[in-house]
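The values are calculated or read from the model by the stated rules, or taken from the named source; none is laboratory data. Model, not experiment: these values are computed from the prediction. All Cβ positions, even for glycine, are placed from backbone atoms using ideal geometry, and neighbour counts span all protein chains on display.
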Amino acid sequence: MAIGWGKSFEDQVEEGNQRQSAEERAARLPLEARVRVQRLESLQLSRSRMLEQLERAKHNAHREVLMNGLRAIEKEIEDISGE
């Protein structure tokens, strides 16, 4: 094994394989389901970003705005998941 090519490279290859198989599974879904899955993934990413911002927020007003946004995102995730 060459220097610099260790576990991280193997992890990257495995991740690429998993991503490819996930894309193949998604391609078999109907368009409406794919749109729903993509929207759900986008909302989950937004939720994680919002949580990170909330951890760093120092002012109560900013925290309140972030909490309102987080509640809205979680409600939409719930609505989409319940369909």
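The table that follows gives values for the structure above.
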| read-out | value |
| --- | --- |
| Of all residues making up segment 37-83, the number that are in contact (Cβ under 8 Å) with a residue 12 or more places away in the chain, outside any helix (DSSP H, G or I) and touching a helix residue (DSSP H, G or I) at 6+ places or on another chain (Cβ under 6 Å) | 0 |
| Hey, Gln53 of a type outside the set (D, E, K, R) and either modelled with pLDDT of 70 or more or under 24 Å from Lys75 (Cβ atoms) (or both) or not | yes |
